[in-house]
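To start, the structure itself, in structure tokens.
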Amino acid sequence: AENSGFLTNQRLLTFGADAGITDPAFRNCVSTGRFDGWVRRQTDAASQRGVTGTPTVLVDGRRISNAAAADPAQLTALADQASQ
């Protein structure tokens, strides 16, 4: 069934066309809702982890600020700390 929110089937098809996707299989997947269950499960899992929007970046399970995530040096430093 088509989502009545922001990501309607038509919106997804437009995004695909804008990205240059011409394969009819894409239209078929969107139209039939082939991945609806997967999207629902991922959304539920994200919600359970406290994700309320995008972008959300977690390093070692800890949410970091968007400013830190957008700065390659800060992101690298956080990832290095988490791997120790």
If exposed means chymotrypsin sites (Phe, Trp or Tyr not before Pro) lying in a DSSP loop and surrounded by at most 12 other beta carbons within 10 Å, then the longest stretch of the chain lacking such sites spans residues 36-84
Computed curve, the chain, Cα-only Debye sum without solvent term, log₁₀ I(q)/I(0) at 0.16, 0.24 Å⁻¹, is -0.82, -1.07
The ³J(HN,Hα) series, computed from each phi in region 56-61 with the Karplus coefficients 6.51, -1.76 and 1.60 at θ = phi - 60°, rounded to the nearest Hz and given as x for glycine or proline, is 10, 10, 10, 10, 6, x
Here the relative contact order (percent) of region 1-83, from C-alpha pairs under 8 Å and at least 6 apart, is 17
Which of Thr56, Thr22, Thr43 fluctuates most in a GNM of the chain (C-alpha springs under 10 Å)? That residue is Thr22
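Could you give the length gained on full extension between Ser31 and Gln74, defined as 0.36 nm per residue of separation minus the Cα-Cα distance, in nm?
Numbers: separation 43, 0.36 × 43 = 15.48 nm, distance 4.11 nm.
Computed gain between Ser31 and Gln74 is 11.4 nm.
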Longest the chain segment clear of trypsin sites (Lys or Arg not before Pro) sitting in DSSP loops (not H, G, I, E or B) with at most 12 other Cβ atoms within 10 Å runs 50-84
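No lab work stands behind these numbers, since they all come straight from the coordinates. Being a predicted model, the structure only gives us computed values, none of them experimental. No Cβ is skipped: glycine too gets one built from the backbone with ideal geometry, and neighbour counts run over all protein chains shown.
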